[in-house]
Amino acid sequence: MELQNTVKEALNALYHHPDDGVRMQADRWLQDFQRTIDAWQVADNLLHDASSNQETLIFCSQTLRSKVQRDFEELPSEAFRPLRDSLNTLLKTFHKGPPKVRTQISLAVAALAVHVPADDWGDGGIINWLRDEMNSHPEFIPSFLELLRVLPEEEFNYKIAARPDRRRQFEKELASAIDTALNILTACLNINELKEQVLEAFASWLRLRHRIPASTLSSHPLVLAALSSLNSEILSEASVNVISELIHYTAARNSGGVSSELALIQVIVPQVMSLKPQLRDPSKDEEDIKAIARLFSDMGDAYVELIATGSDESMLIVHALLEVASHPEFDIASMTFNFWHNLQMILTERESYLACGNETSIEAEKTRRLQVFRSSYESLVSLVIFRVQYPLDYFDISMEDQRDFKQTRYAVADVLIDAALILGGEPTLKILYMKLVEAISHCGKDQSSDWRPAEAALYCIKAISDYVSDIEAEVMPQIMSLLPKLPHQPQLLQTVCLTIGAYSKWLDASSNGFSHLPTLIDILVRGMSTCEDSAAAAALAFRHICNDCKKKLCGSLDGLFQIYQTAVIGEGPFKVSAEDSLHLVEALSMVITELPSEHAKKALEAVCLPSVAQLQEMINQGPQVLGQKNARELTVHFDRLANIFRYVNHPEAVADAIQKLWPIFKAIFDVRAWDMRTMESLCRACKNAVRTSKRLMGVTIGAMLEEIQGLYGQHHQPCFLYLSSEVIKIFGSDPSCANYLKVLIESLFSHTACLLTKIQDFTSRPDIADDCFLLASRCIRYCPQLFFPSTVFPSLVDCAMIGITVQHRRSCSN
């Protein structure tokens, strides 16, 4: 009694005390209490106590349910029958509610049935027991129906701590009792107020997918009751759930194929198709429309292989799905998107046509089917374009709604790709181009005009860029000519820039693509000057253009340099962030790669100059000031240099540049070796220089390794190990470097072995462990003759034996 009173007091504090601290303390106590063995008896007593309030009843029913699910093995075997009888009494007590309590008790009984075999349960198992209880106590049928509903659902509930063999046995018990369960539900159909509950339980049993012959289901009273409810004025949610489950039931993998279920399909499909006019019925509320749309979508998903044959009957379902796709609410329209994707997969993949025989027959059938569905996908393209249009109040809606809108655009882009795969990129582009022309006709040059339809059309054009031929000559030139005429509204300008970048391959390959480049680059420059989002899009597009059109842009290097310098120095009107400026670094580096060697050296010096000048200026301020600098002030420049060394594919030029820059690098190494962020960025620049220059680095590589070898003993930066592993990869097999590399290996590994002497060292410094064993694996591969005889090899093996017991995938794999 004392513990029961304590539980009541804790619940009262949890729900009603004004102090947050007290409520949290009560919550913690109650959670701890639920894990005790006393919770069984206390929860049971309070549930049987007529004076318990609703808060107590809900808590205790949840406690009892969780105890049965997770802690049933705490009880002695003889406790089962008293527990079952107590739960049965509670089911009867709460047959009129509260509903939450009744549901928790039902779940507890179902969990008990999962634990206890049918033979031990008695009365022929829980279903027969349930039938006898309902016959004996018809006044408590609502509670027993709820139990009948949750029973099959608990088969898949892995919160129940049942052993796998017992879970499989429970599944068999339910399968053998399915006829009895359906007979119980059929008998309850006569009670009109329970019809909804009966159908919900029927849907739950259908989810088990145990085979009931289609001929039996097609005329089963439960199925007929669900179908008849579809025609009622108020659409029954339970009926929709039943029909949805029946649709999936007929298409289940273990059903023997859709053809074996035709008797049931021929009953379902006409009934669902009769609902099509209601999709446009203004008197229907949104929930009813959503339920109908769900049934059509389920039919499309389940019968997509039949629909893909293109028969007249299947096209009726396709037209209904187009009707759903046209609904103004995206949540409803998007229900069909999975169908359009799956249909596209079947129509375009060769495996779908293998039954046709030879290649000629396969191609003929594929062509026929694509032609049948052509108009449907053309309609789909026109239907989804408006979905990506910015809402009028976009800038006033919450961040969450803005994220949802972006997800909507991504989903529509996927649908457009499916359409392009069926129709072809160029025909899809023509449809979208016509929408763009129509939108531009209503869009003036000023920013106050409605730019949203034009932006939506351009977004869609960008989405299918990968499916449009690089030499398309009819529509793309006209689109590129229209872009400079659009207003410079920020969101529209952002999409214009992204579209330019998406079609960079076309600009390179098309006969008249290069003629558009000057005006398009002007648009990108404007994008960099407008806002951060448009600047990011313009920088990315600039990178794509320079990557794909680099040969053609070699003669325009001065203009590109001017854009680059304005962006990276940050003194002009550009709003390009430091991160996005890396796109410009990469862009210019790719163009430099196409230059002759002598010109490339000068261009490389010029592209490095803004960062080098800034770094030299910081060094000139003295070690004390340099040591106090924020890491970001340094890493922004090293990140740019790293990208330059990565993308300028002129090994000799990069080797020459790194030799000239080494004094600057060494000064940073000496002063900032303690700073992990700076060292990682600096080592990344060195690593990329090593990768590009390879053995041309000569003297510089020796100085670099000597530096990190000395600093590693003091600061233990993991990036020093990683940089060394890159050097080993390139120079490990070079006999002239053997002596130096041997000293490097022994020095680095001897220090690291001292850092990794116990399991806790691996968990506290996984980065050290990861890079240490990466270096070791590189040594084994590229210079085993130096590594195996070294004095550090045994201690490293000892390290590995400790580390292999740690749950760290990358370190263990290395």
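The values are calculated or read from the model by the stated rules, or taken from the named source; none is laboratory data. Values in this document were obtained by computation on a predicted structure and should not be read as measured data. Glycine gets a Cβ as well: all are built from the backbone with ideal geometry, and neighbour counts include every protein chain shown. Accessible surface is based on the protein model in full, side chains and every heavy atom, while ligands, DNA and RNA are left aside. Shrake-Rupley method; radii C 1.70, N 1.55, O 1.52, S 1.80 Å.
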Keeping every protein chain present and rolling a 1.4 Å probe, give me the accessible area per residue for the chain in Å². 45
In whole Å, what is the distance between the alpha-carbon centres of region 534-608 and region 272-295? 55
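What is the projected area of the convex hull of the Cα atoms of region 449-503, averaged over all directions, in nm²?
Seen from a random direction, the Cα hull of region 449-503 projects 3.6 nm² on average.
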Computed over region 78-162, the convex hull of the Cα set has an average projected area, in nm², of 5.3
Region 7-135: spread of alpha-carbon positions along the three principal axes, whole Å, largest first, is 53, 31, 18
Could you compute how fast region 509-656 diffuses translationally, taking Rh as the Kirkwood radius over C-alpha pairs and applying Stokes-Einstein at 10 °C with viscosity 1.306 mPa s? Give it in µm² per second. 100
Put one equal scatterer on each alpha carbon of region 443-598, apply the Debye formula with no solvent term, and list log10 I(q)/I(0) at q = 0.09, 0.11, 0.12 1/Å to two decimals. -0.27, -0.40, -0.48
Size-normalised alpha-carbon gyration radius of region 676-782, reference 2.2 N^0.38 Å: 1.02
Ignoring ligands, DNA and RNA, please state the percent of accessible area on region 616-704 from carbon and sulfur, probe 1.4 Å. 50
Evaluate the charge dipole of region 271-407 about its Cα centre and quote only its size in Debye, nearest 20, assuming +1 on the Cβ of each Lys and Arg and -1 on the Cβ of each Asp and Glu. 440
What are the lysines whose alpha-carbon lies under 16 Å from the alpha-carbon of Lys100, with same-chain residues fewer than 8 places away excluded? Lys92
In Å and on Cα atoms, what radius of gyration and Dmax does the chain show? 35.5, 99
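Counting only protein heavy atoms and using a 1.4 Å probe, what share of the accessible area of region 162-244 belongs to carbon plus sulfur, as a whole percent?
Solvent-exposed carbon and sulfur of region 162-244 make up 50 percent of the total.
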Which values, in whole Å and largest first, are the semi-axes of the equivalent ellipsoid of region 552-603 obtained as the square root of 5 times each eigenvalue of the Cα gyration tensor? 22, 11, 9
So which lysines can Lys552 reach, going by Cα to Cα under 16 Å and dropping same-chain residues fewer than 8 places off? Lys505
Rg and Dmax of region 283-399, using alpha carbons, in Å: what are they? 16.9, 59
Local electrostatic count, Arg677, Cβ distance below 15 Å [Lys/Arg +1, Asp/Glu -1]: -2
Cα lying deepest toward the dipole's positive end in region 1-72, options Leu64, Leu3, Leu46, charges on Cβ: Leu64
Under the helix-only model (-39500 (n - 2.57) for each DSSP H run of 4 or more, divided by the residues of the chain), the mean residue ellipticity at 222 nm, to 500 deg cm²/dmol, is -23000 deg cm²/dmol
Would you calculate the convex hull of the Cα atoms in region 124-197 and tell me its volume per residue in Å³? 93
Can you classify region 750-803 as rounded, prolate or oblate using the Cα gyration tensor, where a ≥ b ≥ c are the square roots of its eigenvalues, rounded means a/c under 1.5, and otherwise it's prolate if a/b beats b/c and oblate if not? prolate
For region 356-482, state the semi-axes of the equivalent ellipsoid (square roots of 5 times the eigenvalues of the alpha-carbon gyration tensor), sorted largest first and rounded to whole angstrom. 32, 18, 11
Using a 1.4 angstrom probe on heavy atoms only, work out the carbon and sulfur share of the accessible area of region 492-548 in %. 50
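What's the local net charge at Ala162, with K and R +1, D and E -1, over the other residues with C-beta under 15 Å away?
Once positives and negatives cancel, what remains is -1.
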Compute the distance from the alpha-carbon center of region 449-524 to that of region 106-169, in whole Å. 63
Show which aspartates and glutamates lie in cross-link reach of Lys366 when reach means a straight Cα distance below 13 angstrom and same-chain residues fewer than eight apart are skipped. Glu349, Glu351
Per residue, the convex hull volume that the Cα atoms of region 115-157 enclose (Å³): 64
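About the Cα centre of the chain, what is the dipole size in debye to 20, counting +1 per Lys and Arg Cβ and -1 per Asp and Glu Cβ, all else neutral?
So the dipole magnitude of the chain works out to roughly 2280 debye.
Can you check what the Kirkwood hydrodynamic radius comes to for region 188-228, Cα pairs only, in Å to one decimal?
Working: mean 1/r = 0.0924 Å⁻¹.
When all Cα pairs of region 188-228 are included, the Kirkwood radius is 10.8 Å.
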Radius 12 Å from Cβ of Asp393, net charge of other residues (Lys, Arg +1; Asp, Glu -1): -1
